[in-house]
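A short write-up of the structure that comes next.
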Amino acid sequence: MTESFRRSGEYPQGDDHGSAYPQQQSHPSTPVNPEWPPPPAYDPVTPVHVEPGTTVWPSSGHAGGGNGGHGAGPYAGYPEPDAAGSTAVFASVPGGQEPPAPAKRRTKGPFALLAAVAIVAAAIGGGTAYGFQELTGNDTVASSSTSTSVVPTSQKGTVSGVAKAVSPSIVEISATSNAGSSTGSGVIITTGGEIITNNHVISGASEIKVQLNNGKSYTAKVVGTDSKKDLALIKLESAPSGLKTATLGDSDGVQVGDQVVAIGSPEGLTGTVTSGIVSALDRDVTVSTDESQGRQQQQDGGSGQWPFEFGGREFNGDTGSSTTTYKALQTDASLNPGNSGGALIDMNGNIVGINSAMYSAASDSSSSSSSAGSVGLGFAIPINTVKSDLAALRAGGSDS
C-alpha cells in the first residue's frame with residue numbers, strides 16, 4: 001500500500017478532483033462490485049500531521065482506476081484487504097509518538113451469526129436427540145419425568161383427559177394354564193408390542209391372549225419374568241402397526257395426596273377407569289411367588305384375586321410358603337380382580353405404578369355381594385422399579 005500526500009489548499013473548492021475525505025466522496029458513476037466484501041467495521045485512522053501543512057492518509061495503493069487515482073473507490077480512506085505485494089509506508093511522527101491504533105469492534109457479520117446459531121442448535125439438539133431416542137424404535141421405552149404432560153393442554157389435570165390419552169396403551173390379558181385361567185391387565189411400552197404386567201397374571205400360562213383397547217385380540221409370548229418383584233414382560237406375536245405406547249414417569253416424584261388414575265380390566269371389564277389419591281408410600285407388601293396359590297384362589301373363589309400380606313396379616317387368601325416383599329405405592333383408587341398388571345397414572349398421563357394387589361372384604365363366593373369389591377386399599381409397584389428391571393426382563397428375567 002502506498003500513501004498520498006496533499007497539502008492544504010492544493011485543490012480549490014469546486015474543482016473536479018476527488019476530496020481527500022472519503023465520507024465526502026460521491027461518485028455515482030462508479031458502481032460498487034457486489035462481490036467485494038464490505039468496508040471494515042471501524043472508523044478510518046485519525047489524520048497525523050507530520051509538518052505544518054502536511055497530512056498523511058492511508059490510501060488504497062492503486063494509483064489507477066476509474067476514479068482518477070485519488071482513492072475514491074470502495075476502500076477509499078481504509079486499508080485495502082491484503083493486496084498482493086502491497087506495502088504500507090507511514091511517515092514518522094515527531095517525538096517518537098505512534099499514531100493511535102483504531103479501536104476494533106466485534107464483528108456482527110454472518111460468521112458470528114452462524115456461530116451463535118450453532119451453539120443454540122447444539123444446546124437444543126442434545127435434548128432433542130434424547131427425546132427422539134426415547135420415543136422411537138420398536139424396543140425403546142418412552143420415559144419422562146412427572147412434569148412431562150402426555151395429556152392435551154385443554155384437558156390437563158382431568159380424569160377424562162388422562163383416560164383419553166392413556167387408555168389406548170392399556171390391554172386386557174387372559175392367561176390359560178393347567179391350573180386354570182386368569183384375567184389381568186398390562187401396559188404397552190413399545191411400538192413393537194412389548195407389554196409389562198404382573199408375574200402372577202401370566203405365571204405358568206400355556207397360552208396368553210391380549211385384547212387391545214380397540215377390541216382386537218392377539219397372542220403373546222413371555223419374554224422374561226421376575227417373581228421377586230412380581231413383574232413380567234410379554235410381547236405380542238405379529239404386533240400390528242400404530243400401537244399406542246405409554247410414557248413411564250418417575251415414581252420418586254410421587255407424593256402422598258397426589259391425584260392418580262387407575263386403568264385396567266377388573267372382572268374382564270376392559271378399559272375400566274377409576275381415580276383417587278396416593279394414600280401412602282413405601283408400603284411393604286408381600287405376595288406369593290408360587291403360581292399355584294393364585295390359580296387355586298381363582299378356582300375356589302372365582303374372583304381371580306391374588307393373595308398378599310401386609311402388616312403381618314394375609315388378605316384374599318393364603319400366600320403360601322414362597323413369598324416376596326417389595327415397596328409399593330398405596331392408593332385409594334378403586335382396584336378389583338383383573339386390575340393386576342394395569343396402570344396407576346399421574347394427572348399428566350405418566351405411568352407411576354403397576355397395580356399389583358388389592359384388598360377385598362369378600363375372600364370367597366360364600367360372602368354376600370354387598371361386602372364384595374374394592375374398599376380403597378390398593379397397591380402398585382413403583383414404575384422406577386419396573387424401569388430398573390426392564391433390561392433384565394428383556395434378557396429373560398431372574399427366573400430364567
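The values are calculated or read from the model by the stated rules, or taken from the named source; none is laboratory data. Computed from a predicted model, the values in this text were never measured in an experiment. Ideal geometry is used to build each Cβ from the backbone, glycine not excepted, and the neighbour counts take in all protein chains shown. SASA here: full protein model, heavy atoms, side chains in, ligands and nucleic acids out. Shrake-Rupley method; radii C 1.70, N 1.55, O 1.52, S 1.80 Å.
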key: Candidate set from segment 365-400 (those that are open to solvent by 70 Å² or more (accessible area, probe 1.4 Å), out of contact with any strand residue (DSSP E or B) (no Cβ under 8 Å at 6 or more places or on another chain) and modelled with pLDDT under 95); member that is farthest from SER160 (Cα to Cα)   = SER366
task = Please identify the pairs in which a residue from segment 322-350 that is among the β-branched types (Val, Ile, Thr) has its Cβ atom under 6 Å from the Cβ atom of a residue that is part of a strand (DSSP E or B) and open to solvent by 10 Å² or more (accessible area, probe 1.4 Å), counting only partners at least 6 apart or on another chain.
result = THR323/THR286; THR325/ASP284; THR325/THR286; THR331/GLY276; THR331/SER279
note = Exactly one of VAL223, VAL201, VAL187 is within 29 Å of the chain's Cα centre (by Cα), surrounded by 24 or more Cβ atoms within 10 Å (Cβ to Cβ) and of a type in the set (A, V, I, L, M, F, W, C), and that one is VAL187
ask   = Within the bounds of segment 270-283, is there any residue that is modelled with pLDDT under 95, of a type outside the set (Ser, Thr, Tyr) and crowded, with 23+ Cβ neighbours inside 10 Å?
value = no
query = Within segment 246-269, is there a residue that is open to solvent by 70 Å² or more (accessible area, probe 1.4 Å), part of a loop (DSSP other than H, G, I, E, B) and among the aliphatic types (A, V, I, L, M)?
reply = yes
